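**Student:** One structure follows; several queries about it will come next.
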Amino acid sequence: MSNSIYSTPLIIKLAKKLGVDLNSVIGTGLGGRIRKVDLISPGKSKITSVQQHVNNNIYLTPLIKKYAALKNVDLSNIKGSGFSGRIRRTDIDKNQGIAPQVIAEAVITKPENRIEYDLVRDLAIMAQLSTTLEFDFTNVLKRIKGNNQEKLLPIAYLIRSAILGIQEIPIINATLTADLNQIKYHAEVNFSYEDEIVKYSSNSIIEDADNYNLLGLTRLIKDFRNEPRQSAKNPTFGIQDQSNTEILFSTPIVKSPTSALLSLGKIQKRPVSADNPESSTSIAIRSIAFVTLSYDHRIIDGADAARFLSFVKQQIENKEFN
């Protein structure tokens, strides 16, 4: 062993304990350093000293040494194709005449009638912000439970409330023109819909959403989940339903050509403070969910976003809302 090769105190102590002369040991570590495995089991390795020290400037990984030992390959005869001449497994296989494994390229057919979107582009172009409020869905769930007809969906109530909110604050349903100089207010209200089953790329759009009542919205969403319906129209607003998952809330990305997206998280029972008829505060168990509005801050002011969310929240929590 060269005196220039440093041995750690642990190696020196172990060598004394095993009665091994470090000068007789060829190190397999970086720069020829002696490792613990060189002292304990020098006979277990099938790699010769020539293999270990071929081209001292080329580092051999333990995995390559083990692989070479399994294949009974002399590393001194192999020219590495890796970085700085390092030997790779493919070099060992090539030396033995084993053809490299070819991974077939999967051909992805371009779907028809799908929304074309680029999340990276949308994040780069839009000044995207998100605002979140807690919504009390207790009254909504009571109405759903008390309905003797077809069971309505909570997301249908949120969509209906969002429609009313757009009528109050039209900027939520607007976009910038291509030259970025004007704001285009959409006369139509077309909601793109997505959940854990219905993907955004399926182009499932609630066309003229303001023409549907709660039952109509519920039936349409159930149809989407059975078989996503493709639309030829572009969305003007986005709806995301995560109430059937374990996700409490998220900050979804607004996707072109829309400027805002409303996301419903999981509805769960939680203790909250509530006012009682005696005008005092008490603790009540309510069905609470986080609702997030992501929006393009270039055209939708934060105050407008807050007013829109607050208006939708009032509709959801209104006992008379139908």
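Here, each number is a calculation from the coordinates, and none is a lab measurement. Every value quoted in this text rests on a predicted model; they were computed, and no experiment measured them. Ideal geometry is used to build each Cβ from the backbone, glycine not excepted, and the neighbour counts take in all protein chains shown.
**Student:** Please rank K36, K319, fewest neighbouring Cβ atoms within 10 Å first, as an exposure proxy.
**Tutor:** Starting with the residue having the fewest Cβ neighbours, the order is K319, K36.
**Student:** Less than 18 Å from a label point 7 Å out along the Cα-to-Cβ axis of T177: which backbone N atoms in segment 276-318 qualify, by residue?
**Tutor:** 298-300
**Student:** What are the trypsin sites (Lys or Arg not before Pro) within segment 201-241 that DSSP puts in a loop, where the Cβ has at most 14 other Cβ atoms within 10 Å?
**Tutor:** On the way: sites: R219, K222, R225, R229, K233; in loops: R229, K233.
The qualifying sites are K233.
**Student:** To continue, here is another question. For log10 I(q)/I(0) by the Debye sum over Cα atoms at q = 0.09, 0.11, 0.14 Å⁻¹, the choices are (i) -0.65, -0.72, -1.01; (ii) -0.53, -0.75, -1.09; (iii) -0.66, -0.90, -1.18; which was calculated from the structure?
**Tutor:** Given (i) -0.65, -0.72, -1.01; (ii) -0.53, -0.75, -1.09; (iii) -0.66, -0.90, -1.18, the structure-derived one carries the label (i).
**Student:** Just to be sure I understand: with springs between alpha-carbon atoms less than 10 Å apart, which residue in A274, A15, A306 has the highest mean-square fluctuation in the Gaussian network model of the chain?
**Tutor:** A15
**Student:** Which of I300, I253 comes first, and how do the rest follow, when ranked by fewest Cβ neighbours within 10 Å? Before the final figure, lay out the partial values.
**Tutor:** On the way: I300 23, I253 17.
Ordered by Cβ neighbours within 10 Å, fewest first: I253, I300.
**Student:** Further, regarding this structure: Restricting to DSSP H runs of at least four residues, report the calculated mean residue ellipticity at 222 nm for the chain, -39500 (n - 2.57) per run over all residues, nearest 500 deg cm²/dmol. Write out the running numbers ahead of the final one.
**Tutor:** On the way: 10 runs with 96 residues, N = 322.
Calculated from helices alone, the mean residue ellipticity at 222 nm is -8500 deg cm²/dmol.
**Student:** Scan the chain and hand back the longest stretch that contains none of the GluC sites (Glu not before Pro) lying in DSSP loops with at most 14 other Cβ atoms within 10 Å. Kindly include the intermediate steps, with their values, before the conclusion.
**Tutor:** Values: sites that count: E105, E112, E116, E150, E188, E196, E246, E278, E320.
It works out to 1-104.
**Student:** Further, regarding this structure: How much net charge surrounds I11 when only the other residues with a Cβ under 9 Å from the Cβ of I11 are counted, with Lys and Arg +1 and Asp and Glu -1? Could you put the intermediate results ahead of the total?
**Tutor:** Details: positive: K13, R33, R35, K36; negative: D38.
Taking every other residue near I11 into account, the sum is +3.
**Student:** With the chain treated as a Gaussian network of Cα nodes joined by springs under 10 Å, which of S202, S310, S81 yields the largest mean-square fluctuation?
**Tutor:** S81
**Student:** Okay, moving on. How do Y212, Y157, Y185 rank when sorted from fewest to most other Cβ atoms within 10 Å of their own Cβ? Can you show the working numbers first?
**Tutor:** Numbers: Y212 20, Y157 26, Y185 11.
Listed from fewest to most nearby Cβ atoms, that is Y185, Y212, Y157.
**Student:** Let me ask you something else. State which entries of K17/K66; K266/K313; K199/K255; K36/K79; K16/K66; K255/K313 exceed 19 angstrom in Cα-Cα distance in the structure shown. Kindly include the intermediate steps, with their values, before the conclusion.
**Tutor:** Numbers: K17/K66 27 Å; K266/K313 16 Å; K199/K255 13 Å; K36/K79 28 Å; K16/K66 28 Å; K255/K313 23 Å.
Violating the 19 Å Cα-Cα cut-off are K17/K66; K36/K79; K16/K66; K255/K313.
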